[in-house]
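Undergrad: Take a look at the following structure, please.
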Amino acid sequence: MDEEEIEKAVVAYLKKKGFKQTEIAFQEEQQVNKNSSSSIHNNNNSANSQIDPDLTKKILSFSEFETSPQRYQEEYSKLRSWAYSSLDLYKHELLRVLYPVFIHCFMELVARGYIQEARAFFNSYREDHEMTHLRDLQKLEGVLSPSHLEEMEFAHSIRVSKVNIKMCQYSYDLLLQYLHKTESITMLGIINERINFQVSPGQPGSISGDTEVVTLVASGHDASLINQKEVLWGMLEDSLEERLEKTGGSVPDSEKFDGDPKEGEVEENKKKSIEGGKHGAPLKKLKKDKVGIATGKSSRTESSTVTTAPRVKPELALPAIPVEVELSILEDLRNRVQLSNASLPSVSFYTFVNTHNGLNCASISHDGSLVAGGFSDSSVKVWDMAKLGEQTGPSFLQGETDSPSSEHVLGANGGRRCYTLLQGHSGPVYSASFSPHGDFLLSSSSDSTVRLWSTKLNANVVCYKGHNYPVWDVQFSPAGHYFASSSHDRTARIWSVDRIQPLRIMAGHLSDVDCVRWHANCNYIATGSSDKTVRLWDVQSGDCVRIFIGHRSMILSLAMSPDGRYMASGDEDGTVMMWDLSSGRCITPLTGHSSCVWSLAFSGEGSLLASGSADCTVKLWDVTTSTRAPLKEENKSGGNNRLRLLKTLPTKATPIYALHFSRRNLLFAAGAFSKSARVPCFKVS
């Protein structure tokens, strides 16, 4: 092989790649060799005659590769055939490589201007990946020119990211042997540049774990390194739950309500109950006694569960809880109903009607007494459940008239409207969140602001400006005073109600931050994004301490377990995943919903998980059985530790916007009726 041909091929390759400095250095070195003495020149000639022909062939193949789009089609087709014909034991691991290679082959062809070849390649093999990556493929269909690769956010994020693929050592060796043996230079280049293999010893992993083995991560961020950071997931020291546990599940005499019956009154009531036995009073008393016994058992069971959670100190200065509020919380905790797979919660469902598709979000106060809705007309409306039956005349309900001003008018007989109208935003309202005590309400909007409303004054108190784009979600911390927001600007922010500027800005997601949730101990927040990842952030330092990878579509909902160890996340495809915050691993995926999961909620003691979806159903899952399984089977492959679906609660035609467990474990739900029907403003069932 002539030396000049090799030199031209190398120079052409360096020019194509834009390596100008390397090209100049290479040409200078060649010029020095040409001007050397004749003896050295002869020695070089003799050396050139002994150049490895295989090496020469590979060098020249790079030049051919740069000018031949057919190589993508041919080599991918061979790689695909080889993967599908592999042994069943290793096939599912080798098939993981095909999807990232497929999309990068397509984008490489587009980037080099081979649009027709790229479309033909895309259409030839897209059916292989539609089952698991349909939404991604639908987005990539819009890539029709090299400029689209930079302008389209999704395509650009893939181009600047690497794919993490988990496989065993033997599967990895098989793949490398195939690529070198067949001299698949194109595929080898894409795999080296675009894929990061996480090779593990031993046998291949289970097929059921494939949900998190092929994932995109941002270039320069190693999720495995971040997930090695320590996370203190326990409950706060001296919490009300711990205080109740120390007192044996009873409220001390000094903390009893003034309205609680005294001992003498209790004895007198017992006598009256016995005397009225003919009218069935003993039967009622017997039922109450059974409930009391069950409540006592639940308190002891819950105490043992709470004891297992470690105690941590708060990193934020938490506000003091008013005495009357503390007494109310303790009373609720003492009377909490213990839920399990044999004892499911009662559900109170609030249905919005006549919204004309204007309802964007809903929020329910801790005791269900207040319900708020955020609407596309930039308004926030709050319903007080205690006042719904006090109307003396007809009222103007949401959607009954096309005139917005009519909402300020009294009814014909002086009756008032059944909601409080809060106006201030200049764009659609996307999220609302009540404070833990119910005295304040937060709302976020497309006008890039967050507003704080007083439910007592029915007025706007503060307008928080900091985000540059629509704010998708906002949530009060479990202790109040602090809140978190997430936005289209790819950031989440920590605020306090007494400051108009954010305390922390969490940046790192590659796309919109769609939802945000606080950890039970207020030391962390979790964010879900359109980049298909969930991140856990330390509120004190602002650092990302966990990256949870495994979803195949944007994350729309999050929930934290009461003990702070587990987190649930729901996505656009209807999948819910349960995560262990300590290890950063997915415990199990939950499949069952057929559409977006818009809301998630853990029961008070953490034994049940409720999920609400756009498929108009609420599903209840048994958390306790599934979270124990990974601890025993962590080192076993192929273990089936999926959450057990306990019950599906369907609605007629009402997508679930919000779910919330009260402190006493009553499940509240809210949604908008999707078909026109003449029913009351709210329907409670």
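The values are calculated or read from the model by the stated rules, or taken from the named source; none is laboratory data. The model shown is predicted, which means the values in this text are computed figures rather than measured ones. Note that we place each Cβ from the backbone using ideal geometry, even for glycine, and neighbour counts take in every protein chain shown. With ligands, DNA and RNA removed, areas are computed over all heavy atoms of the protein, side chains included. Shrake-Rupley method; radii C 1.70, N 1.55, O 1.52, S 1.80 Å.
Undergrad: Can you name every one of the strands (runs of 3 or more DSSP E) wholly within the range 454-573 that holds 1 or more residues which are over 14 Å from the mean Cα position of the chain (by Cα) and closer than 26 Å to Ser376 by Cα?
TA: 459-465, 471-476, 482-487, 491-496
Undergrad: Can you name the residue in the range 589-616 that is buried (at least 23 other Cβ atoms within 10 Å of the Cβ) and among the hydroxyl-bearing types (Ser, Thr, Tyr) and is also modelled with the lowest pLDDT among such residues?
TA: So the residue we want is Ser607.
Undergrad: Being among the hydroxyl-bearing types (Ser, Thr, Tyr) and within 19 Å of Ala507 (Cα to Cα) is the filter; apply it to the range 448-485 and report the residue that is surrounded by the most Cβ atoms within 10 Å (Cβ to Cβ).
TA: Only one residue fits best here, namely Ser485.
Undergrad: May I ask you to list the residues in the range 552-568 that are at negative phi and open to solvent by less than 10 Å² (accessible area, probe 1.4 Å)?
TA: Selection gives Ser553, Ile555, Ser557, Leu558, Ala559, Ser561, Met567, Ala568.
Undergrad: Then there's this: Count, please, the residues in the range 117-149 that happen to be within 22 Å of Val513 (Cβ to Cβ) and out of contact with any Asp or Glu (no Cβ under 8 Å at 6 or more places or on another chain).
TA: Number of matching residues: 2.
Undergrad: Across the range 148-178, what is the total count of residues that are part of a strand (DSSP E or B) and either of a type outside the set (A, V, I, L, M, F, W, C) or open to solvent by 60 Å² or more (accessible area, probe 1.4 Å) (or both)?
TA: Result for the range 148-178: 4.
Undergrad: Same structure, new question: Any residue in the range 427-447 that's within 14 Å of Lys465 (Cβ to Cβ) and open to solvent by 10 Å² or more (accessible area, probe 1.4 Å): show its pairings with residues that are modelled with pLDDT of 95 or more and assigned to a strand (DSSP E or B) at Cβ separation under 7 Å, as long as the two are six or more apart or on different chains.
TA: Going by the 7 Å Cβ cut-off, the qualifying pairs are Ser446/Tyr430.
Undergrad: A follow-up question, please. Could you please give the count of residues in the range 584-594 that are in contact (Cβ under 8 Å) with a residue 60 or more places away in the chain and at negative phi?
TA: Number of matching residues: 2.
Undergrad: Before we move on, is Val576 β-branched (Val, Ile, Thr), under 10 Å from the mean Cα position of the chain (by Cα) and within 21 Å of Trp518 (Cβ to Cβ)?
TA: When the stated conditions are applied, Val576 passes them.
Undergrad: Could you list, in sequence order, the residues of the range 574-588 that are in contact with a Leu (Cβ under 9 Å, 6 or more places away or on another chain) and open to solvent by 20 Å² or more (accessible area, probe 1.4 Å)?
TA: Passing the criteria: only Thr575.
Undergrad: For residues that are open to solvent by less than 20 Å² (accessible area, probe 1.4 Å) and among the polar types (S, T, N, Q), scanning just the range 486-510, find the one that is farthest from Ser443 (Cα to Cα).
TA: Here the residue is Thr491.
Undergrad: Looking at the structure I just gave you, is Cys522 under 24 Å from Asn360 (Cα atoms), open to solvent by less than 10 Å² (accessible area, probe 1.4 Å), in contact (Cβ under 8 Å) with a residue 24 or more places away in the chain and not β-branched (Val, Ile, Thr)?
TA: no
Undergrad: Testing Ser46 on (1) open to solvent by 20 Å² or more (accessible area, probe 1.4 Å); (2) modelled with pLDDT of 85 or more, one condition comes back false. Which one is that?
TA: (2)
Undergrad: Six or more apart or on different chains, Cβ under 6 Å: which pairs go from a residue in the range 117-140 that's on the phi < 0 side of the Ramachandran plot to one that's among the basic types (Lys, Arg)? Could you list them?
TA: Leu137/Arg126
Undergrad: Do we find that Ser171 is modelled with pLDDT under 85 and either in contact with a Lys or Arg (Cβ under 6 Å, 6 or more places away or on another chain) or under 28 Å from Ser224 (Cβ atoms) (or both) in this structure?
TA: When the stated conditions are applied, Ser171 does not pass them.
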